[in-house]
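Trainee: Pasting a structure here, questions to come.
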Amino acid sequence: MLNIGSTVPLEHGGHATITDILGSGGQGTVYRAEYSGKEYALKIYFPNKLKSPDLFRENLRALTEDKNSDRAFLMPLMLTDNIDGSFGFLMDLIPKEYKPFSDILNARVKLQGLYSVVNSAIRITSAFRTLHNSGKSYQDINDGGFFIRPSDGDVLICDCDNIAPYGEHLGIAGKPGYMAPETVRGEKAPDKYTDRYSLAVVLFRLLLRGDPLEGCKVLKSVCLTEEAERRHYGFEPVFVYDPVDDSNRPVRGVHNNIIKFWQIMPDYIREAFIFSFTVGLREPQKRLIEKQWLDLLKRLRGEIVSCSCGIQNFLSAMDTDENGKLVCMCKNHFSKPLELKGGKAGVLLSESAKLFDDNVKPIGEVVRNKKNPALWGLKNLSESDWSYILPNGEERTAKSGGAVPIFLGTKITIGENSFSVEE
């Protein structure tokens, strides 16, 4: 342990001064440190906790030179010199508005609406798609590595020091409940396929707030010992909604979140999880790739419907009345909104509905006309002009801050994507 006020020499010159202790884990301690007038996080490893210190250091150096990683990853920025037989690295601090994923799972922090929930799933998946496409794997995906901004679902990913090229393994196995079964059994070191299993677990926990393999069968283990964990997560894993094996169903009163949210998920999301935790348990190379998840998640985001009361729901989960109108939990009845179709994903044009770019930044929002509240428009929140054609054939432009009137048949061009307003 280093003391507050201690200085740590950096590999390329200069010193970082420790100002606080942020936390300690299995591999080392993380400090708050000041360098060149700016505050950073500084991780220093325990000398006896690294399997191959020289290999680990060389991999860290390669990560500091990686300029093509997704912006979500808080990559190492610079290495320290040797410090009493050990070493470490500087990385950016996590801004205060980003909250630990574990706090969200434990309901200490609440994401602000369904858009934030699905956006965070999209950002996590997109970041790992970029990582895997670059020939690297994360090797230790778990709830401790993610920080989410509740207001919009943006994500930052820490613990990036175990990222390594395919074929290299730095000694970390993973966290129980997130590790792929073959890793739990000791048959395979982490790679992109085990990453994809862990990603499916993260998405399940994010969308359904529970463990996909913890049901009545697991509850029978009064004390979840290491041996019991190996059995439930490695040798005898059973998905809680396995269509042919009901031995591990969620228990009402214990797994209420899973029971509740499973009912409101569209069929294509349920089917993706069923595949991931049945076929995906046994056949790593058949696991869903990130592009498949992204297509499903963007489709899910496009199904979000907002009521005038502020409640959001997925269209497939909403009841309808005898006239075919949607029924909100507030008892409000309203017609199914028009849909903006095209581009990479559509969106239902209900009140406060949003259109996002690939970084989950909102580029459009449904608003009411201030002079005539009966008229609706899609406000341009981007920095570029949009062109659109009204149903009568009239061509117009919506500048940044302007709005496109929402009429059935309106056509909109946003960047390289073409959309149309349809029923």
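The values are calculated or read from the model by the stated rules, or taken from the named source; none is laboratory data. Everything numeric in this text was worked out from a predicted model, so none of it was measured. All Cβ positions, glycine included, derive from the backbone under ideal geometry; neighbour counts span all protein chains shown.
Trainee: Could you check, for the stretch 220-231, whether at least one of its residues is assigned by TED's automatic domain parsing to the domain that holds residue 270, out of contact with any Cys (no Cβ under 6 Å at 6 or more places or on another chain) and surrounded by 18 or more Cβ atoms within 10 Å (Cβ to Cβ)? So that I can check it myself, show each step before the final result.
Mentor: Of the residues in the stretch 220-231, the ones assigned by TED's automatic domain parsing to the domain that holds residue 270 are 220-231.
When the remaining residues are screened for being out of contact with any Cys (no Cβ under 6 Å at 6 or more places or on another chain), the result is 220-231.
Keeping just the survivors that are surrounded by 18 or more Cβ atoms within 10 Å (Cβ to Cβ) gives none.
The answer is no; no qualifying residue exists.
Trainee: Sticking with this one: Any idea which of 176, 237 is assigned by TED's automatic domain parsing to the domain that holds residue 146, part of a loop (DSSP other than H, G, I, E, B), touching a residue at least 12 places away in the same chain (Cβ under 8 Å) and surrounded by fewer than 18 Cβ atoms within 10 Å (Cβ to Cβ)?
Mentor: It is 176.
Trainee: Only one of these is in a strand (DSSP E or B) and without any contact (Cβ under 8 Å) to a residue 60 or more places away in the chain: 365, 351. Name it.
Mentor: 365 is the lone residue from the list that is in a strand (DSSP E or B) and without any contact (Cβ under 8 Å) to a residue 60 or more places away in the chain.
Trainee: Can you give me the number of residues within the stretch 291-318 that are closer than 16 Å to residue 347 by Cα and either hydroxyl-bearing (Ser, Thr, Tyr) or assigned to a strand (DSSP E or B) (or both)?
Mentor: 7
Trainee: Of all residues in the stretch 59-84, which are surrounded by fewer than 18 Cβ atoms within 10 Å (Cβ to Cβ) and over 29 Å from the mean Cα position of the chain (by Cα)?
Mentor: Once the filter is applied, which keeps residues that are surrounded by fewer than 18 Cβ atoms within 10 Å (Cβ to Cβ) and over 29 Å from the mean Cα position of the chain (by Cα), the stretch 59-84 yields 81, 82, 83, 84.
Trainee: Further question on the same structure: Which residue out of 319, 385 is in contact (Cβ under 8 Å) with a residue 12 or more places away in the chain and either touching a helix residue (DSSP H, G or I) at 6+ places or on another chain (Cβ under 7 Å) or among the acidic types (Asp, Glu) (or both)?
Mentor: Among 319, 385, only 385 is in contact (Cβ under 8 Å) with a residue 12 or more places away in the chain and either touching a helix residue (DSSP H, G or I) at 6+ places or on another chain (Cβ under 7 Å) or among the acidic types (Asp, Glu) (or both).
Trainee: Take the stretch 287-300 and flag every residue that is within 13 Å of the chain's Cα centre (by Cα) and over 20 Å from residue 180 (Cβ atoms).
Mentor: Those that are within 13 Å of the chain's Cα centre (by Cα) and over 20 Å from residue 180 (Cβ atoms): 294, 297, 298.
So that you can scan it fast, the table gives a plain yes or no per residue for (1) within 17 Å of residue 85 (Cα to Cα); (2) modelled with pLDDT under 85; (3) in a strand (DSSP E or B):
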residue: 1; (1), (2), (3): yes, yes, no
residue: 19; (1), (2), (3): no, no, yes
residue: 22; (1), (2), (3): no, no, yes
residue: 55; (1), (2), (3): yes, no, no
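Trainee: Test each condition in (1) under 28 Å from the mean Cα position of the chain (by Cα); (2) exposed (fewer than 13 other Cβ atoms within 10 Å of the Cβ) for residue 56 and report the one that comes out false.
Mentor: Among (1) under 28 Å from the mean Cα position of the chain (by Cα); (2) exposed (fewer than 13 other Cβ atoms within 10 Å of the Cβ), the lone unmet condition for residue 56 is (2).
Trainee: Additional query: Output the residues belonging to the stretch 333-347 that are within 32 Å of the chain's Cα centre (by Cα) and over 17 Å from residue 422 (Cβ atoms).
Mentor: 334, the sole residue that qualifies.
Trainee: Looking at the stretch 156-171, which of its residues are within 19 Å of residue 54 (Cβ to Cβ) and either free of Cβ contacts under 8 Å to residues at least 60 places away in the same chain or assigned to a strand (DSSP E or B) (or both)?
Mentor: 162, 164, 165, 167, 169
Trainee: Touching a residue at least 40 places away in the same chain (Cβ under 8 Å), within 18 Å of the chain's Cα centre (by Cα) and outside the structural domain of residue 127 (by TED's automatic domain parsing) - does that describe any residue in the stretch 304-316?
Mentor: yes
Trainee: Based on what the data block shows, is residue 359 more than 20 Å from residue 207 (Cα to Cα) and either over 29 Å from the mean Cα position of the chain (by Cα) or part of a loop (DSSP other than H, G, I, E, B) (or both)? Give the steps one after another, and end with the answer.
Mentor: Values: more than 20 Å from residue 207 (Cα to Cα): no; either over 29 Å from the mean Cα position of the chain (by Cα) or part of a loop (DSSP other than H, G, I, E, B) (or both): yes.
Answer is no for this residue.
Trainee: Okay, moving on. Could you list, in sequence order, all residues of the stretch 198-232 that are modelled with pLDDT under 95 and of a type in the set (Lys, Arg)?
Mentor: The answer is 217, 220, 230, 231.
Trainee: Taking into account only those residues within the stretch 388-419 that are free of Cβ contacts under 8 Å to residues at least 24 places away in the same chain and assigned to a strand (DSSP E or B), which is nearest to residue 343 (Cα to Cα)?
Mentor: Once the filter is applied, the top-ranked residue is 411.
Trainee: Return yes or no: is residue 358 within 21 Å of residue 122 (Cα to Cα) and surrounded by fewer than 13 Cβ atoms within 10 Å (Cβ to Cβ)?
Mentor: Judged against the criteria, residue 358 is a match.
Trainee: Let me ask something else. Could you list all residues from the stretch 144-173 that are surrounded by 20 or more Cβ atoms within 10 Å (Cβ to Cβ), farther than 19 Å from residue 116 by Cβ and out of contact with any helix residue (DSSP H, G or I) (no Cβ under 7 Å at 6 or more places or on another chain)?
Mentor: Within the stretch 144-173, 162 is the sole residue that qualifies.
Trainee: When you check residue 274 against the structure, is it in the same structural domain as residue 207 (by TED's automatic domain parsing), surrounded by fewer than 18 Cβ atoms within 10 Å (Cβ to Cβ) and under 13 Å from residue 212 (Cα atoms), yes or no?
Mentor: On the way: in the same structural domain as residue 207 (by TED's automatic domain parsing): yes; surrounded by fewer than 18 Cβ atoms within 10 Å (Cβ to Cβ): yes; under 13 Å from residue 212 (Cα atoms): yes.
So residue 274 passes the test.
Trainee: Buried (at least 20 other Cβ atoms within 10 Å of the Cβ), touching a strand residue (DSSP E or B) at 6+ places or on another chain (Cβ under 7 Å) and not small (Gly, Ala, Ser) - does that describe any residue in the stretch 134-143?
Mentor: Yes, the stretch 134-143 has at least one match.
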